[in-house]
Amino acid sequence: MSVDEKLKKIFAIKRENKKIKLIDQRLLPHKVKIITLHNYNETIEAIRDMAVRGAGSIGVAAGYGLAQAALEAKHLNLEKFNKFIKAASDKLLSSRPTAINLRHSIDRCLKVAENGTVTERIQNICNESDKIAFDDIKASRLIGVYGEQLLKENSNILTHCNAGALAYIDQGTALSPIIEAKRRHKPIFVYVDETRPRNQGAKITAWELSKLEIPYALIVDNAAGYFMINKKIDVVIVGADRIAVNGDTANKIGTYEKAVLAKENNIPFYVAAPSMSFDLKCESGERIEIEHRSSEEITHISGVNDSNEYTKLRITAKNTKAYNPSFDITPAKYISGFITEKGLLKKPFKKSIKNAFK
Ligand code: MRU
């Protein structure tokens, strides 16, 4: 089976008129279950509870969610329709705060719904939500092509969290250059951070790489320094949830420390991200809202027992207090470049980012 045939089986999200279908990422890697979301409230819940996750996928989900809302409101008059869409947009926007893709998707869909009859506005929102997904596919492929050029034969790549086909449709962001290398038969090896607390690396990235038959090994989050200082890692590639104009980057908690370690060990640290992940209204990382999630994600762990039954276990004493910021900001000074659909953006980032996306 070719890489592309294998990729088709790892789909993040699809829209079929009012229904959204997605692989429930909460159950991976133990169960590949496709769930159907019938209305926009179900879509909001799926984003909030991370049945669908990863900046690109939640951006597409938000656009599709607004398409569902528009279709649900087809019997309303124009005034009531507009109110309904505004309320649905606000709810979708608050489902997860850090990834800017979600806001960009909603803004794009609202823009095309500014004029016309109710029927025309519904059609425009549906078309735009599909176009967002289509544009993301193109961006994902181009990120792969540009990023692959940075990988030498037998490169050892470290990645954090999951920035593959489930996080950003088609072949992801950080994993896209890796998949492109596989397509071109370039030998590479991937070190996968487990990515506590939700273990997106252990549960999703490792699963995706094994499905694509790309050689990898899972490491615990605090082992990256060991592998770096022992010269086992040649390059770090991560994704992004939001990038400020100065290049400061929000990504999964733990990304910042990997970037500092990479600089200390003279290892290039790249962020792979499309235009949809840049926030040109945000001057620096301090202004990016960081999502804080339930402490239960830290105090409990989930998986399957030997009978393959899904189990959730508490690993701490009852009522243990835990803080759970879901993202951190990597200051631009630690980033070697941004791999985007417009090519590799180099320092000074303020200039290259503005030039690429103005
Ligand atoms: O909380 P998550 O799993 O949605 O966080 C995902 C990440 O941090 C990814 O690295 C990021 O979205 C980039 S992939 C498009």
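The values are calculated or read from the model by the stated rules, or taken from the named source; none is laboratory data. Quick caveat, the model's predicted, so the values are computed rather than measured. Note: ideal-geometry Cβ built from the backbone for every residue, glycine included; neighbour counts use all protein chains shown. Accessible surface areas use protein heavy atoms only, side chains included; no ligands, DNA or RNA. Shrake-Rupley method; radii C 1.70, N 1.55, O 1.52, S 1.80 Å.
Only one of (1) assigned to a loop (DSSP other than H, G, I, E, B); (2) open to solvent by less than 50 Å² (accessible area, probe 1.4 Å) fails for residue 1. Which number is that? Status for residue 1: all satisfied but (2).
The residues of segment 87-143 that are within 16 Å of the ligand (Cβ to nearest atom) and in a loop (DSSP other than H, G, I, E, B), listed by number, are 94, 95, 96, 97, 98, 99. Do you know which of the residues in segment 174-197 that are in a loop (DSSP other than H, G, I, E, B) and touching a helix residue (DSSP H, G or I) at 6+ places or on another chain (Cβ under 6 Å) is most open to solvent (accessible area, probe 1.4 Å)? Taking the candidates together, the pick is 196. Inspection of segment 42-61 identifies no residue that is open to solvent by 10 Å² or more (accessible area, probe 1.4 Å), among the β-branched types (Val, Ile, Thr) and not in a loop (DSSP other than H, G, I, E, B). Taken over segment 35-62, residues that are more than 25 Å from residue 275 (Cβ to Cβ) and near the ligand (Cβ under 9 Å from one of its atoms) amount to 0. Annotation: of all residues in segment 296-309 being small (Gly, Ala, Ser) and away from the ligand (no atom under 16 Å from the Cβ), the one that is nearest to residue 60 (Cα to Cα) is 303. Summed over segment 56-79, residues that are closer than 19 Å to residue 126 by Cβ and without any contact (Cβ under 8 Å) to a residue 24 or more places away in the chain total 1. Residue 352 satisfies every condition listed in (1) open to solvent by 30 Å² or more (accessible area, probe 1.4 Å); (2) more than 13 Å from the ligand (Cβ to nearest atom) except (1). Of the helices (runs of 4 or more DSSP H) that lie entirely inside segment 205-295, those containing 1 or more residues that are at pLDDT 95 or above, more than 21 Å from residue 143 (Cα to Cα) and within 13 Å of the ligand (Cβ to nearest atom) span 255-264.
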